[in-house]
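S.K.: Questions regarding the structure given below will be posed in turn.
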Amino acid sequence: MRAIVQDRYGDIDALDVREVERPAPAEDEVLIQVRAASVHPDVWHVVAGHPWALRLMGSGIRRPKDRVPGTDVAGIVESVGAAVTRFRPGDEVFAETIRGVQWRNGGAFAEYATAPEEGVAVKPPTVSFQEAAAVPTAGLIALNNLPQRRVPPGHRVLVNGAAGGVGAIALQLAKAYGAHVTGVDHPRKLALVASLGADEVIDYTSDD
(Lines give C-alpha, C1' and ligand atoms only; values in the text may rest on other atoms or scores of the structure.)
Protein backbone atom coordinates (compact mmCIF):
# COMPACT_ATOMS: atom_id res chain seq x y z
CA MET A 1 0.00 0.00 0.00
CA ARG A 2 1.04 3.63 -0.32
CA ALA A 3 1.76 5.62 2.83
CA ILE A 4 3.38 8.79 4.07
CA VAL A 5 6.65 7.68 5.69
CA GLN A 6 8.81 9.56 8.19
CA ASP A 7 12.38 8.34 8.81
CA ARG A 8 13.55 11.38 10.79
CA TYR A 9 12.18 14.30 12.75
CA GLY A 10 11.83 17.56 10.85
CA ASP A 11 9.49 19.60 8.69
CA ILE A 12 7.44 18.47 5.70
CA ASP A 13 10.66 17.57 3.85
CA ALA A 14 11.04 14.66 6.27
CA LEU A 15 7.94 13.01 4.76
CA ASP A 16 7.90 10.79 1.66
CA VAL A 17 5.23 8.79 -0.16
CA ARG A 18 6.34 5.15 -0.41
CA GLU A 19 5.10 1.61 -0.81
CA VAL A 20 5.00 -0.20 2.55
CA GLU A 21 3.57 -3.44 3.85
CA ARG A 22 -0.14 -3.38 4.65
CA PRO A 23 -0.71 -3.75 8.41
CA ALA A 24 -2.53 -6.78 9.77
CA PRO A 25 -5.07 -6.25 12.57
CA ALA A 26 -4.30 -7.75 15.99
CA GLU A 27 -6.93 -9.83 17.75
CA ASP A 28 -8.73 -6.77 19.13
CA GLU A 29 -8.14 -4.45 16.15
CA VAL A 30 -9.95 -3.35 13.02
CA LEU A 31 -8.26 -2.87 9.63
CA ILE A 32 -9.65 0.23 7.93
CA GLN A 33 -9.46 1.19 4.27
CA VAL A 34 -8.68 4.89 4.75
CA ARG A 35 -10.95 7.38 3.02
CA ALA A 36 -9.83 10.43 5.03
CA ALA A 37 -7.27 11.26 7.72
CA SER A 38 -6.91 14.55 9.58
CA VAL A 39 -4.01 16.73 10.70
CA HIS A 40 -4.06 18.12 14.23
CA PRO A 41 -1.39 19.71 16.49
CA ASP A 42 -0.20 16.42 17.98
CA VAL A 43 0.62 15.14 14.49
CA TRP A 44 2.82 18.19 13.90
CA HIS A 45 4.55 17.68 17.27
CA VAL A 46 5.54 14.12 16.39
CA VAL A 47 6.65 14.97 12.85
CA ALA A 48 8.78 17.83 14.20
CA GLY A 49 9.98 15.90 17.25
CA HIS A 50 9.13 18.79 19.58
CA PRO A 51 8.92 19.08 22.52
CA TRP A 52 11.75 16.67 23.31
CA ALA A 53 9.67 15.07 26.07
CA LEU A 54 7.47 13.33 23.50
CA ARG A 55 10.47 11.31 22.34
CA LEU A 56 10.79 9.90 25.85
CA MET A 57 7.05 9.15 25.93
CA GLY A 58 7.29 6.51 23.22
CA SER A 59 7.79 8.37 19.96
CA GLY A 60 11.49 7.47 19.65
CA ILE A 61 14.66 9.22 20.78
CA ARG A 62 16.64 9.67 17.55
CA ARG A 63 13.89 8.94 15.02
CA PRO A 64 10.22 7.90 15.08
CA LYS A 65 9.69 4.28 16.09
CA ASP A 66 6.50 4.16 14.04
CA ARG A 67 7.18 5.61 10.60
CA VAL A 68 3.69 6.45 9.32
CA PRO A 69 2.17 9.62 10.87
CA GLY A 70 -1.44 10.37 11.71
CA THR A 71 -3.86 9.17 14.36
CA ASP A 72 -7.37 10.24 13.27
CA VAL A 73 -8.98 8.36 10.41
CA ALA A 74 -12.29 7.55 8.72
CA GLY A 75 -12.99 4.83 6.22
CA ILE A 76 -14.44 1.40 5.55
CA VAL A 77 -13.71 -1.71 7.61
CA GLU A 78 -11.62 -4.11 5.53
CA SER A 79 -11.23 -6.90 8.10
CA VAL A 80 -11.39 -7.46 11.87
CA GLY A 81 -9.41 -9.40 14.46
CA ALA A 82 -10.78 -12.57 16.01
CA ALA A 83 -11.88 -10.85 19.23
CA VAL A 84 -13.71 -7.92 17.56
CA THR A 85 -17.48 -8.10 18.02
CA ARG A 86 -18.86 -4.64 17.17
CA PHE A 87 -17.70 -4.28 13.57
CA ARG A 88 -17.60 -6.26 10.34
CA PRO A 89 -16.19 -5.69 6.84
CA GLY A 90 -18.03 -2.97 4.95
CA ASP A 91 -18.91 -0.83 8.01
CA GLU A 92 -18.24 2.89 7.61
CA VAL A 93 -16.32 4.04 10.68
CA PHE A 94 -14.10 6.72 12.20
CA ALA A 95 -11.35 5.98 14.67
CA GLU A 96 -8.28 6.90 16.65
CA THR A 97 -5.52 4.51 15.65
CA ILE A 98 -3.42 4.55 18.83
CA ARG A 99 -3.89 3.56 22.45
CA GLY A 100 -2.89 5.67 25.43
CA VAL A 101 -0.30 8.42 24.94
CA GLN A 102 -1.05 10.58 21.91
CA TRP A 103 2.45 11.77 21.09
CA ARG A 104 3.52 9.12 18.59
CA ASN A 105 2.75 8.18 15.03
CA GLY A 106 -0.37 6.11 14.49
CA GLY A 107 -0.27 5.00 10.86
CA ALA A 108 -3.31 6.95 9.64
CA PHE A 109 -1.61 8.60 6.64
CA ALA A 110 -1.82 5.47 4.50
CA GLU A 111 -4.24 3.53 2.33
CA TYR A 112 -4.93 1.13 5.21
CA ALA A 113 -4.61 1.58 8.98
CA THR A 114 -5.40 -0.48 12.07
CA ALA A 115 -7.21 0.77 15.16
CA PRO A 116 -8.18 -0.88 18.47
CA GLU A 117 -11.87 -1.76 18.59
CA GLU A 118 -12.37 0.48 21.63
CA GLY A 119 -11.20 3.48 19.59
CA VAL A 120 -13.56 2.89 16.64
CA ALA A 121 -17.12 4.16 16.14
CA VAL A 122 -19.71 3.83 13.38
CA LYS A 123 -19.78 6.89 11.12
CA PRO A 124 -23.24 8.46 10.93
CA PRO A 125 -24.53 8.37 7.32
CA THR A 126 -25.12 12.15 7.34
CA VAL A 127 -21.44 12.85 8.14
CA SER A 128 -18.75 12.74 5.42
CA PHE A 129 -15.53 10.78 5.82
CA GLN A 130 -13.63 14.07 5.89
CA GLU A 131 -15.79 15.48 8.67
CA ALA A 132 -15.61 12.27 10.70
CA ALA A 133 -11.81 12.07 10.44
CA ALA A 134 -11.53 15.46 12.15
CA VAL A 135 -13.36 14.29 15.28
CA PRO A 136 -11.45 11.61 17.28
CA THR A 137 -8.61 13.43 19.08
CA ALA A 138 -10.37 16.79 19.45
CA GLY A 139 -13.60 15.07 20.49
CA LEU A 140 -11.90 12.94 23.12
CA ILE A 141 -10.17 15.98 24.63
CA ALA A 142 -13.47 17.87 24.72
CA LEU A 143 -15.30 14.98 26.39
CA ASN A 144 -12.54 14.40 28.95
CA ASN A 145 -12.55 18.05 30.00
CA LEU A 146 -16.28 18.54 30.41
CA PRO A 147 -17.38 17.88 34.03
CA GLN A 148 -18.28 14.18 34.31
CA ARG A 149 -18.47 14.15 30.49
CA ARG A 150 -21.66 16.20 30.62
CA VAL A 151 -22.97 19.56 31.85
CA PRO A 152 -26.17 19.76 33.94
CA PRO A 153 -28.92 21.72 32.12
CA GLY A 154 -29.06 25.38 33.07
CA HIS A 155 -25.38 25.66 33.96
CA ARG A 156 -23.19 28.32 32.37
CA VAL A 157 -20.09 27.32 30.40
CA LEU A 158 -17.35 29.52 28.97
CA VAL A 159 -15.28 28.03 26.15
CA ASN A 160 -11.93 29.65 25.36
CA GLY A 161 -10.85 29.13 21.76
CA ALA A 162 -14.39 28.20 20.84
CA ALA A 163 -13.68 28.06 17.09
CA GLY A 164 -10.78 25.63 17.48
CA GLY A 165 -10.99 21.86 17.02
CA VAL A 166 -11.57 21.09 20.70
CA GLY A 167 -13.46 24.28 21.46
CA ALA A 168 -15.99 23.87 18.65
CA ILE A 169 -16.89 20.38 19.85
CA ALA A 170 -17.00 21.40 23.53
CA LEU A 171 -19.32 24.30 22.65
CA GLN A 172 -21.73 22.06 20.75
CA LEU A 173 -21.71 19.35 23.43
CA ALA A 174 -22.42 21.88 26.19
CA LYS A 175 -25.31 23.31 24.16
CA ALA A 176 -26.68 19.83 23.52
CA TYR A 177 -26.62 19.21 27.29
CA GLY A 178 -28.74 22.37 27.79
CA ALA A 179 -26.07 24.76 29.11
CA HIS A 180 -25.83 28.49 28.48
CA VAL A 181 -22.58 28.84 26.50
CA THR A 182 -20.28 31.80 26.01
CA GLY A 183 -17.65 31.41 23.28
CA VAL A 184 -14.35 33.31 23.33
CA ASP A 185 -12.16 33.74 20.24
CA HIS A 186 -10.63 36.13 17.70
CA PRO A 187 -13.08 38.56 16.09
CA ARG A 188 -12.74 36.95 12.66
CA LYS A 189 -13.99 33.67 14.15
CA LEU A 190 -16.94 34.95 16.17
CA ALA A 191 -19.47 34.44 13.38
CA LEU A 192 -18.52 30.76 13.32
CA VAL A 193 -18.76 30.56 17.11
CA ALA A 194 -22.27 32.05 16.99
CA SER A 195 -23.28 29.66 14.20
CA LEU A 196 -22.23 26.71 16.37
CA GLY A 197 -24.84 27.78 18.94
CA ALA A 198 -23.07 30.06 21.42
CA ASP A 199 -25.50 32.17 23.43
CA GLU A 200 -22.89 34.90 23.82
CA VAL A 201 -19.55 35.62 22.13
CA ILE A 202 -16.51 37.48 23.44
CA ASP A 203 -13.77 39.07 21.33
CA TYR A 204 -10.63 38.40 23.39
CA THR A 205 -8.77 41.26 21.63
CA SER A 206 -11.10 43.83 23.21
CA ASP A 207 -12.65 42.12 26.27
CA ASP A 208 -11.09 40.23 29.18
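S.K.: All but one of (1) closer than 25 Å to Val43 by Cβ; (2) of a type in the set (S, T, N, Q); (3) more than 19 Å from the chain's Cα centre (by Cα) hold for Thr205, so report the exception by its number.
M.R.: With (1) closer than 25 Å to Val43 by Cβ; (2) of a type in the set (S, T, N, Q); (3) more than 19 Å from the chain's Cα centre (by Cα) applied to Thr205, the lone miss is (1).
S.K.: Sticking with this one: Tell me the residue from Ala53, Ala48, Ala26 that is open to solvent by less than 20 Å² (accessible area, probe 1.4 Å) and not aromatic (Phe, Trp, Tyr), please. Break it down into steps so the answer makes sense when it comes.
M.R.: Values: Ala53 fails: open to solvent by less than 20 Å² (accessible area, probe 1.4 Å); Ala26 fails: open to solvent by less than 20 Å² (accessible area, probe 1.4 Å).
Matching residue, one of Ala53, Ala48, Ala26: Ala48.
S.K.: On to the next question. Counting only residues that are part of a helix (DSSP H, G or I) and either modelled with pLDDT of 95 or more or of a type in the set (S, T, N, Q) (or both), how many does region 137-165 have?
M.R.: 4
S.K.: So Leu171 ticks every box in (1) part of a helix (DSSP H, G or I); (2) open to solvent by 70 Å² or more (accessible area, probe 1.4 Å); (3) closer than 30 Å to Ala48 by Cβ but one. Which box is left unticked?
M.R.: Result: Leu171 passes all but (2).
S.K.: Which of the residues belonging to region 10-26 are part of a loop (DSSP other than H, G, I, E, B) and either at pLDDT 95 or above or aliphatic (A, V, I, L, M) (or both)? Can you show your working first?
M.R.: As a first pass, look at region 10-26 and keep what is part of a loop (DSSP other than H, G, I, E, B): 10-11, 20-26.
Passing the criteria: Val20, Glu21, Arg22, Pro23, Ala24, Pro25, Ala26.
S.K.: Could you check Gly70 against (1) open to solvent by 30 Å² or more (accessible area, probe 1.4 Å); (2) of a type in the set (Gly, Ala, Ser); (3) under 13 Å from the mean Cα position of the chain (by Cα); (4) at positive phi and say which number it fails?
M.R.: (1)
S.K.: Among the candidates Gly197, Gly183, single out the residue that is part of a loop (DSSP other than H, G, I, E, B) and either open to solvent by 40 Å² or more (accessible area, probe 1.4 Å) or more than 25 Å from Trp103 (Cα to Cα) (or both).
M.R.: Gly197
S.K.: I would also like to ask the following. Could you grab me the full set of residues in region 128-151 that are among the hydrophobic types (A, V, I, L, M, F, W, C) and over 15 Å from the mean Cα position of the chain (by Cα)?
M.R.: Matches in region 128-151: Leu146, Val151.
S.K.: Right, something else. Which residues, counting only those in region 84-108, are in a loop (DSSP other than H, G, I, E, B), under 18 Å from Trp44 (Cβ atoms) and not aromatic (Phe, Trp, Tyr)? Step through it out loud before you land on a result.
M.R.: Step one: of region 84-108, the residues in a loop (DSSP other than H, G, I, E, B) are 84-91, 97-108.
Okay, now just the ones that are also under 18 Å from Trp44 (Cβ atoms), so 97-98, 101-108.
Of everything in region 84-108, those that are in a loop (DSSP other than H, G, I, E, B), under 18 Å from Trp44 (Cβ atoms) and not aromatic (Phe, Trp, Tyr) turn out to be Thr97, Ile98, Val101, Gln102, Arg104, Asn105, Gly106, Gly107, Ala108.
S.K.: For region 108-127, which residues satisfy the criterion of being within 10 Å of Val93 (Cα to Cα), out of contact with any helix residue (DSSP H, G or I) (no Cβ under 9 Å at 6 or more places or on another chain) and surrounded by 15 or more Cβ atoms within 10 Å (Cβ to Cβ)?
M.R.: Correct list: Val120 only.
S.K.: Still on this model: Which of the residues belonging to region 56-83 are part of a helix (DSSP H, G or I) and in contact (Cβ under 8 Å) with a residue 12 or more places away in the chain?
M.R.: We begin by selecting, within region 56-83, every residue part of a helix (DSSP H, G or I); these are 56-59.
Met57, Gly58, Ser59 - these are the residues of region 56-83 that are part of a helix (DSSP H, G or I) and in contact (Cβ under 8 Å) with a residue 12 or more places away in the chain.
The values are calculated or read from the model by the stated rules, or taken from the named source; none is laboratory data. In this text the structure is predicted, and so the values were computed from the model without any measurement. Glycine also receives a Cβ, built like all others from the backbone with ideal geometry; neighbour counts cover every protein chain displayed. We work out accessible area using only protein heavy atoms, side chains counted, and drop any ligands, DNA or RNA first. Shrake-Rupley method; radii C 1.70, N 1.55, O 1.52, S 1.80 Å.
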